[in-house]
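One structure is given below, encoded as structure tokens.
Values quoted throughout were computed directly from the atomic coordinates according to the rules given, and no laboratory measurement underlies them. Just so you know, these numbers come straight off a predicted model, no measurement behind them. When we count neighbours, we look across all protein chains shown, and the Cβ atoms used for this are built from the backbone with ideal geometry, even at glycine.
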Amino acid sequence: MFTSLGDALQKMLRKYDIDKSIRQNQAMDVWNQIVGKAISIHAIPEKVAFGKLYIRVDSPAWRNELSFRKIEIMKKINKKLQGEMIKEIVLR
């Protein structure tokens, strides 16, 4: 029985628990779509580690604004990624 390359790759990613890391890192790719242009100019995703999305913010005012919206943004990201990939947003 033959398996497609895509199916074999997906199976390997799941077996070694790599697929979750890949999906978590997609949060950086969808950040601009989720927050929009006005915010993405001031807040740039840096990395994802252990379910935490680290965001570099260029001013205390924007950090304060985003701190009020973290849960809303996190929910939108997780909805887009179709699962609870991001458990926390860290603003720096």
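Here are the numbers for this structure:
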| read-out | value |
| --- | --- |
| Matching option when the condition is surrounded by fewer than 16 Cβ atoms within 10 Å (Cβ to Cβ) and either charged (D, E, K, R) or on the phi < 0 side of the Ramachandran plot (or both), among 53, 9 | 9 |
| Sole exception among (1) over 16 Å from residue 89 (Cβ atoms); (2) in contact (Cβ under 8 Å) with a residue 24 or more places away in the chain for residue 54, by number | (1) |
| Test for residue 33: is it in contact (Cβ under 8 Å) with a residue 24 or more places away in the chain and exposed (fewer than 14 other Cβ atoms within 10 Å of the Cβ) | yes |
| Scan of region 40-53 for residues that are among the hydrophobic types (A, V, I, L, M, F, W, C) and in contact with a helix residue (DSSP H, G or I) (Cβ under 7 Å, 6 or more places away or on another chain), ordered by number | 43, 48, 53 |
| Residues that are of a type in the set (Val, Ile, Thr) and either assigned to a helix (DSSP H, G or I) or under 8 Å from the mean Cα position of the chain (by Cα) (or both), drawn from region 24-66 | 30, 34, 35, 39, 48 |
| Residue in region 11-24 that is closer than 13 Å to residue 90 by Cβ and in contact with a strand residue (DSSP E or B) (Cβ under 9 Å, 6 or more places away or on another chain) present | no |
| Pick from region 12-30, criterion farther than 27 Å from residue 71 by Cβ and among the charged types (D, E, K, R), ranking: surrounded by the most Cβ atoms within 10 Å (Cβ to Cβ) | 14 |
